[in-house]
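Participant: Pasting a structure here, questions to come.
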Amino acid sequence: MSHLVKGQRALITGASSGIGEELAVALAARGIRTALVGRRRAELDRVVARCEAAGTPAIAIPGDVSEPSFAPEAVQAAVDAFGGLDILVNNAGISMWARFDEIEDLSIFERLMKVNFLGAVYFTHAALPFVRAQRGQIVAVSSLTGITGVPTRTAYAASKHAMQGFFDSLRIELRETGINVLVVSPGFVDTPIRDKVIGADGKEQGYQGRTSEKPMSVEECVAQIVSALDRRERELVMTARGKLGRALRLVAPGLVDAIAAKAVGDPGR
Ligand SMILES: NC(=O)c1ccc[n+]([C@@H]2O[C@H](COP(=O)([O-])OP(=O)(O)OC[C@H]3O[C@@H](n4cnc5c(N)ncnc54)[C@H](OP(=O)(O)O)[C@@H]3O)[C@@H](O)[C@H]2O)c1
């Protein structure tokens, strides 16, 4: 049985680029109307046009997910436009690349927690009554970094571990509601996030670290998310290395640390 049904309505944060953009277009191709959230209005309008070209209306709701007052407004705008909400996808996120002992601007921690974690909390709180009414789905786009630590990503890993803990707890609270909570943990995905990572000085810079494996295409990543939504899965851990790492962590955590260090080329000191 397919749980993604034509006529459903989804709100996607971080829909102006990368995974959120491609997911919006993929859902539009399945006849699902989408409300697209992000800060850049022009990019959201571009994605709206792509969704409409795929055959389904979409709307742009520009704003910053880290502003607590924005989520209730955005969710209400989506509900007003579509008459309800079946799926919330908490996908907006920012990343970093710096060893902790080299960080000069500690506001990185606050910024990553506010966007990656608190943004998801605010949107989930605002959307919950509407998703509950439809016995719908809540998605958290976390990361393999939400399952195991990764050097040069201390703030990012903390924000994604926070997401994992929050949504795992929420899933249990909601077990009698018919809502499915899906946590998605991608590995490296080929998106523009790499051009915007925050460095030790707190400024955006291109990622200059190494990546030991070829990134997954955004299309493959989104195909996996759509399939997990279709089956109402509770967890989606991407890549063979991610799945192996999660299991190995219980019996050989030091080995998983070494794999994580090698993945980003951190020498340790
Ligand atoms: N790419 C990877 O390798 C990878 C791996 C694991 C997990 N992930 C996760 O996947 C998610 C999507 O990332 P991506 O790779 O698709 O990156 P991306 O192309 O940079 O997209 C990030 C999206 O988040 C939005 N965003 C950022 N800050 C925001 C804010 N304060 N308020 C509202 N929207 C905001 C951006 O829109 P605006 O700039 O218009 O606001 C953009 O639409 C993130 O949560 C990321 O952590 C990515």
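The values are calculated or read from the model by the stated rules, or taken from the named source; none is laboratory data. Worth saying up front: this structure is predicted, and the values here are computed from it rather than measured. A quick note on method: Cβ atoms are made from the backbone with ideal geometry, for glycine too, and the neighbour counts reach across all protein chains shown. Protein only, heavy atoms only, side chains kept; ligands, DNA and RNA dropped before computing areas. Shrake-Rupley method; radii C 1.70, N 1.55, O 1.52, S 1.80 Å.
Participant: Leu182 is checked against (1) in contact with a strand residue (DSSP E or B) (Cβ under 6 Å, 6 or more places away or on another chain); (2) surrounded by fewer than 17 Cβ atoms within 10 Å (Cβ to Cβ) and fails just one. What number does that condition carry?
Facilitator: (2)
Participant: Which of (1) within 11 Å of the ligand (Cβ to nearest atom); (2) out of contact with any helix residue (DSSP H, G or I) (no Cβ under 9 Å at 6 or more places or on another chain) is the odd one out, the single condition Val150 does not satisfy?
Facilitator: All conditions pass for Val150, except number (2).
Participant: Considering only region 11-45, how many residues are surrounded by fewer than 19 Cβ atoms within 10 Å (Cβ to Cβ), touching a residue at least 12 places away in the same chain (Cβ under 8 Å) and within 24 Å of Lys196 (Cα to Cα)?
Facilitator: Matching residues across region 11-45 total 5.
Participant: State all residues of region 46-58 that are touching a helix residue (DSSP H, G or I) at 6+ places or on another chain (Cβ under 8 Å), of a type outside the set (Asp, Glu) and surrounded by fewer than 19 Cβ atoms within 10 Å (Cβ to Cβ); if no residue qualifies, say none.
Facilitator: Arg50, Ala54, Gly55, Pro57 - these are the residues of region 46-58 that are touching a helix residue (DSSP H, G or I) at 6+ places or on another chain (Cβ under 8 Å), of a type outside the set (Asp, Glu) and surrounded by fewer than 19 Cβ atoms within 10 Å (Cβ to Cβ).
Participant: Is one or more of the residues making up region 105-121 within 11 Å of the ligand (Cβ to nearest atom), more than 21 Å from Met163 (Cβ to Cβ) and small (Gly, Ala, Ser)?
Facilitator: Checked region 105-121: no residue is within 11 Å of the ligand (Cβ to nearest atom), more than 21 Å from Met163 (Cβ to Cβ) and small (Gly, Ala, Ser).
Participant: When you check Ala42 against the structure, is it at negative phi, within 11 Å of the ligand (Cβ to nearest atom), in a helix (DSSP H, G or I) and touching a His at 6+ places or on another chain (Cβ under 9 Å), yes or no?
Facilitator: Here the answer is no, as Ala42 does not meet what is asked.
Participant: Which condition number in (1) in a helix (DSSP H, G or I); (2) within 14 Å of the ligand (Cβ to nearest atom) is the one that Gln76 fails?
Facilitator: (2)
Participant: Next question, about the same structure. If a residue counts only when it is within 29 Å of Arg9 (Cβ to Cβ), which helices (runs of 4 or more DSSP H) contained entirely in region 102-188 have at least 2 such residues?
Facilitator: Per the criteria, 119-134, 154-173.
Participant: Can you confirm whether Gly165 is at pLDDT 95 or above, more than 15 Å from the chain's Cα centre (by Cα) and either surrounded by 21 or more Cβ atoms within 10 Å (Cβ to Cβ) or not aliphatic (A, V, I, L, M) (or both)?
Facilitator: Criteria not met by Gly165.
Participant: Of the numbered conditions (1) closer than 24 Å to Lys196 by Cβ; (2) more than 14 Å from the ligand (Cβ to nearest atom); (3) without any contact (Cβ under 8 Å) to a residue 60 or more places away in the chain, Ser66 fails exactly one; give the number of that condition.
Facilitator: That leaves (2) as the condition not met.
Participant: Ok, one more. Those residues that are more than 18 Å from Ala29 (Cβ to Cβ), open to solvent by less than 40 Å² (accessible area, probe 1.4 Å) and either modelled with pLDDT of 95 or more or touching an Asp or Glu at 6+ places or on another chain (Cβ under 6 Å) (or both), I need them from region 222-243; list them, please.
Facilitator: Once the filter is applied, which keeps residues that are more than 18 Å from Ala29 (Cβ to Cβ), open to solvent by less than 40 Å² (accessible area, probe 1.4 Å) and either modelled with pLDDT of 95 or more or touching an Asp or Glu at 6+ places or on another chain (Cβ under 6 Å) (or both), region 222-243 yields Leu236, Val237, Met238.
Participant: For region 79-93, what are the residues that are open to solvent by less than 40 Å² (accessible area, probe 1.4 Å) and in a loop (DSSP other than H, G, I, E, B)?
Facilitator: Gly84, Leu85, Asp86, Asn91, Ala92, Gly93
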